[in-house]
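Notes follow once the structure below has been shown.
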Amino acid sequence: MKAYLDNGATTVVSKEIVEKMNQLYTDMYGNPSSMHQMGVETEKLIKEVKRTLAKGIKASPDEIIFTSGGTEANNLAIQGYLRTTRKKHLITSMIEHPSVLNVFEFYENQGYEVTYLKVDEKGHISLEELRESLREDTALVSIMYVNNELGSIQDLQAVSRLIKKHSKAVFHVDAVQALGKVECHVKKHGIDMMTMSSHKIHGPMGVGALYIKKDISIKPLFIGGGQQKAIRPGTENAPGVVGFGEALKAAFDGLAGNQAQMIELRDYFIKCVLEIPQAKLNGKCDAPHIINVSFPNMRGEVLLHTLESKNIYVSTGSACASKNKSYSHVLEAIGLDDKHKEGAIRFSLSKYTTKDELDYAIKNLKESILELDSIIKGR
């Protein structure tokens, strides 16, 4: 048996989506910028995906830009906007994805002033600290919706209200782990720009999207043709976009049911895992699909590979930083000590996760910890 519990890193693409994409590779392969019928048909498909995404997040289709993924969308939002303003104060949190944090660190080295908001032990920012940090020269606030390691959810409505009341800053949200898992309503949540990704919701890798509110102007990162209003020039990845569209339809149509199912499985899994002596739940696990647990006598990497040998796939943190030997900046931010940071494992579910998978993982997790514990004590 196999238990794939690394859906926070990427998700399986359904056969139906692969078949839909294959049609564009083999039959409907016209360049969407071409004037002939094959190109026009491809362009129609891309516009249809924009309508699907816009409807799902309560936006307008002309507010959607397709990208190569979440990292590019984050960079386009942050760097693209900063190229339009002279303001040089930025705000973000200490638990953002590297594709946000590293961009802010880059600008900090260029003379910008960056405020990094602290988080509590549950992974939530302080609204009071945010309010006190907002200034006349604050250009941009970037706060992620669902944290990719802890599953903590920020109160976006409260964040947006403070930003609008105390500054004229633009509000960017990294919603890569939120899309398809929780409600993403850009108007209700007061979002100016929002990053999304395909491969977290059972779509193909290499495709993402950025929502840009109509009254927000940004400059492109690339210089090229006039595709996508010249904000993101280059021939669109039509098969990928269409695959993303199919995944979006399924995610939006099944949001409530999938969410309830994952929450039930998440709570069951947490209950079983916490029966293991010394196991510690990290953060609050607000999101339906992300669970972070520390096993303080273990090295997370060793436990990961032990589980892998039994066809159980998990993560020690963000896939984008998992090969980095230093401790997770997210776990440091919530105040974990070294032994709990070292022994942390992230389990992440999807709508396809089954109870049988979880039971198999729990059984082997308990056995693996006993095996490793006996080895450690035998040294």
The range 185-202 to the range 324-360: how many Å between their Cα centroids? 24
Check the straight Cα-Cα distances from Lys366 and name the aspartates and glutamates below 12 Å, setting aside those fewer than 8 residues away within the same chain. Glu275
For the range 203-272, what is the relative contact order in percent, using Cα pairs closer than 8 Å and at least 6 residues apart in sequence? 30
Once you have the Kirkwood Rh of the range 154-256 from its Cα pairs, apply Stokes-Einstein at 37 °C and 0.692 mPa s and quote D in µm²/s. 218
Hand me the trypsin sites (Lys or Arg not before Pro) from the range 158-257 located in a DSSP loop with no more than 10 other Cβ atoms within 10 Å, in residue order please. Lys187, Lys214
Listed residues Val12, Val176, Val330; largest mean-square fluctuation, Gaussian network over the chain with Cα springs below 10 Å, found at Val12
Whole-number percent relative contact order across the chain, with pairs defined as alpha carbons under 8 Å at least 6 apart: 23
Provide the gained length on full extension for the span Asp137 to Tyr25, in nm with one decimal, where the gain is 0.36 nm per separating residue minus the Cα-Cα distance. 35.5 nm
Stokes-Einstein D in µm²/s, Kirkwood radius over Cα pairs - the range 238-379 at 37 °C with 0.692 mPa s viscosity: 200
Proxy reagent accessibility, fewest Cβ within 10 Å first, across Ser348, Ser374: Ser374, Ser348
Rounded to the nearest whole number, the per residue volume of the convex hull around the C-alpha atoms of the range 208-294 in Å³ is 166
For Lys118, which lysines qualify as cross-link partners when the Cα separation must be under 20 Å and same-chain residues fewer than eight apart are set aside? Lys284, Lys341
In vacuo Debye scattering of the range 44-140, one point per C-alpha: log10 I(q)/I(0) at q = 0.20, 0.25 Å⁻¹? -1.06, -1.23
Whether the range 1-78 is rounded, prolate or oblate, judged on the alpha carbon gyration tensor where a/c under 1.5 counts as rounded: oblate
Can you work out ³J(HN,Hα) from phi for every residue in the range 82-95, in order, using Karplus 6.51 cos²θ - 1.76 cosθ + 1.60 and θ = phi - 60°, giving whole Hz and x for Gly and Pro? 5, 6, 10, 9, 9, 5, 10, 10, 10, 10, 8, 10, 7, 10
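Every number in this text was worked out from the coordinates using simple rules, so none of it is lab data. This structure is a prediction, so every number in the text was calculated from the model and none was measured. When we count neighbours, we look across all protein chains shown, and the Cβ atoms used for this are built from the backbone with ideal geometry, even at glycine.
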